[in-house]
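Chemist: Attaching a single structure in structure tokens format; questions to follow.
The values are calculated or read from the model by the stated rules, or taken from the named source; none is laboratory data. Nothing here was measured: the structure is a model prediction, and the numbers come from that model. Glycine gets a Cβ as well: all are built from the backbone with ideal geometry, and neighbour counts include every protein chain shown.
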Amino acid sequence: MRSLHQARHLYWAFRVLIALSLVGWSGVAAADEGVKLTPAQIESLGIRVAHPVSSRTDQTLPYPAQIVVPTPQLWVVSTPVAGMVTNLAVARGDRVSAGQPLLTLESQAFVSLQRDYLHAVAQEVLASQQLKRNADLFEGKAVPQRVLETSQTEARQATIAVAERRQMLRLAGLSDDAISRLTTDAAISATLTVNAPQTGSVVEIAVSPGQRMEQSVPLVKLARLSPLWAEIAIPASNIRAIRTGAKVEVEGHAAPGRVILISETTDAATQTILVRAEVPNSGELHPGQTASVRINFLSEGESAWEIPYGALVRRGEQSWIFKAVEGGFQLVSVTLLAEDQDHVVISGAISDRDEVAIAGISALRGILSRLGAGQ
């Protein structure tokens, strides 16, 4: 019986299509991009309908997002001078304050920096004393002006050398107080403590105790973890629905974020556009994780509707649906807001009381195309 019913269904579908193509499309007429069909023809063509479902608070379908640390909130602490790591004071995941010790180095180069600084200080003292003597002699006309000018130049060069060496010690990580103590006590140390430049969390440690490091090699990476960025790859066909400033909701995260960037370029491989949202974080989000996000459409006065993917009719960048009307179907223009492999989100002149064709779309398109060719 079932196979007999299927055979009858195929028979009547075949007869309807033959009738449409050969007998002047009897019983079918186009009016304002519409198709008139009888209930029997609708059944024979396998056309099914469903009501649009209201999209959740006018938001996009869920998109996967990568949670990352904003680049202005990342700091890399590198080796100030060549040396060996003798101690690590922190571990990955620790939260540190500005000025807190991160690790300790033993460095011959650091010893040389201190020696060169003290030598420059001594030279500055000698040059200053020589300048004073020559100034007194010049006042008594005991030396020519040329001798005084030479002493003034040497004193100025000695002061510049001290400033240079002091700056090199600062770059090595010594504070002004430590430099002042070195100037007073002349106590040279081979041990250098590397401190955190900012308050943040330790996200990476690139060294271990006993390791010898050259100058400027990365040691520790620090980050401030609030706010964070959610980087979302949006299909290029859906980007029209998204605006800068739109609210972004991260699944499982209470505080919403905001879109801060819509890239002006498209990824050639995936045909997606980068959308970046800034999201406040109190510990629920973690850099590197993947989250599901929805983005508001910012469509005041409009409603968004979800329908099956196959119900949408496309031509270039324009989209339509077949809405059931008395005696057939009407082609209605809609705006595509979002899509995934199963559903699309649209807005337009429809409501949840309407019925939209979700199967048999090819037959409806074929009928409409033939009618258009015959006009």
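Okay, residues lined up against (1) within 21 Å of SER180 (Cα to Cα); (2) surrounded by fewer than 17 Cβ atoms within 10 Å (Cβ to Cβ); (3) without any contact (Cβ under 8 Å) to a residue 60 or more places away in the chain; (4) in contact with a Gly (Cβ under 9 Å, 6 or more places away or on another chain):
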site: SER128; (1), (2), (3), (4): yes, yes, yes, no
site: ALA135; (1), (2), (3), (4): no, yes, yes, no
site: GLU139; (1), (2), (3), (4): no, yes, yes, no
site: GLN145; (1), (2), (3), (4): no, yes, yes, no
site: SER151; (1), (2), (3), (4): no, no, yes, no
site: GLN157; (1), (2), (3), (4): yes, yes, yes, no
site: ALA163; (1), (2), (3), (4): yes, yes, yes, no
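Chemist: Right, next: For the stretch 211-245, how many residues are more than 14 Å from VAL68 (Cα to Cα), charged (D, E, K, R) and under 16 Å from the mean Cα position of the chain (by Cα)?
Modeler: Of the residues in that region, 1 qualify.
Chemist: Tell me whether the stretch 309-328 contains one or more residues that are touching a strand residue (DSSP E or B) at 6+ places or on another chain (Cβ under 6 Å), over 22 Å from PRO64 (Cα atoms) and among the acidic types (Asp, Glu).
Modeler: At the first step, the residues of the stretch 309-328 found to be touching a strand residue (DSSP E or B) at 6+ places or on another chain (Cβ under 6 Å) are 309, 311-313, 319-324, 327-328.
Among the residues that remain, those that are also over 22 Å from PRO64 (Cα atoms) are: 311-313, 319-324, 327-328.
Subset that is among the acidic types (Asp, Glu): none.
No - not one qualifying residue is present in the stretch 309-328.
Chemist: I would also like to ask the following. For a quick check of your reading of the model, give me the residue pairs whose first member lies in the stretch 250-277 and is free of Cβ contacts under 8 Å to residues at least 24 places away in the same chain and charged (D, E, K, R), whose second is surrounded by 15 or more Cβ atoms within 10 Å (Cβ to Cβ) and not in a strand (DSSP E or B), with beta-carbon atoms closer than 9 Å and at least 6 apart or on different chains.
Modeler: Listed by first residue and then by second, the contacts come to ARG258/ALA246.
Chemist: Right, next: Wholly within the stretch 264-343, which strands (runs of 3 or more DSSP E) include no fewer than the required count, namely at least 1 residues that are polar (S, T, N, Q) and surrounded by fewer than 14 Cβ atoms within 10 Å (Cβ to Cβ)? Spell out the reasoning first.
Modeler: Numbers: elements: 272-279, 290-295, 305-308, 313-315, 318-325, 328-339.
Output list reads 290-295, 318-325, 328-339.
Chemist: Considering only residues that are β-branched (Val, Ile, Thr) and modelled with pLDDT of 90 or more, look in the stretch 283-311 and name the one that is nearest to SER351 (Cα to Cα). First the steps, then the outcome.
Modeler: Taking the stretch 283-311 and keeping what is β-branched (Val, Ile, Thr), we get 290, 293, 295, 307.
Filter once more, keeping what is modelled with pLDDT of 90 or more: 290, 293, 307.
Working: THR290: 34, VAL293: 26, ILE307: 12 Å.
Step by step, filter the stretch 283-311, then rank; the result is ILE307.
Chemist: Which residues, counting only those in the stretch 353-368, are modelled with pLDDT of 90 or more and either farther than 19 Å from ILE47 by Cα or basic (Lys, Arg) (or both)?
Modeler: ARG353
Chemist: Among the residues of the stretch 232-246, what is the count of those that are within 22 Å of GLN73 (Cα to Cα) and surrounded by fewer than 16 Cβ atoms within 10 Å (Cβ to Cβ)?
Modeler: Matching residues across the stretch 232-246 total 2.
Chemist: If you don't mind, there's one more thing I want to ask. How many residues, within the stretch 320-341, are at pLDDT 85 or above and either of a type outside the set (S, T, N, Q) or under 18 Å from GLY360 (Cβ atoms) (or both)? Break it down into steps so the answer makes sense when it comes.
Modeler: First, pick out the residues of the stretch 320-341 that are at pLDDT 85 or above: 320-334.
Those still in the list that are either of a type outside the set (S, T, N, Q) or under 18 Å from GLY360 (Cβ atoms) (or both) too: 320-332, 334.
Going through the stretch 320-341 one residue at a time, the tally reaches 14.
Chemist: Just to be sure I understand, how many residues within the stretch 76-92 are aliphatic (A, V, I, L, M) and either assigned to a loop (DSSP other than H, G, I, E, B) or touching a His at 6+ places or on another chain (Cβ under 8 Å) (or both)?
Modeler: The first filter runs over the stretch 76-92 and keeps only residues aliphatic (A, V, I, L, M), leaving 76-77, 81-82, 84-85, 88-91.
Okay, now just the ones that are also either assigned to a loop (DSSP other than H, G, I, E, B) or touching a His at 6+ places or on another chain (Cβ under 8 Å) (or both), so 81-82, 89-91.
Going through the stretch 76-92 one residue at a time, the tally reaches 5.
Chemist: Scan the stretch 34-75 for residues that are more than 28 Å from GLY348 (Cβ to Cβ) and surrounded by 14 or more Cβ atoms within 10 Å (Cβ to Cβ) and jot them down. Outline the logic, then answer.
Modeler: Initial filter on the stretch 34-75 (more than 28 Å from GLY348 (Cβ to Cβ)): 40, 44, 66-75.
Residues satisfying the conditions are SER44, GLN66, ILE67, VAL68, VAL69, PRO70, GLN73, LEU74, TRP75.
Chemist: ILE350 is checked against (1) at pLDDT 85 or above; (2) of a type in the set (A, V, I, L, M); (3) closer than 30 Å to PRO70 by Cα and fails just one. What number does that condition carry?
Modeler: Among (1) at pLDDT 85 or above; (2) of a type in the set (A, V, I, L, M); (3) closer than 30 Å to PRO70 by Cα, ILE350 violates only (3).
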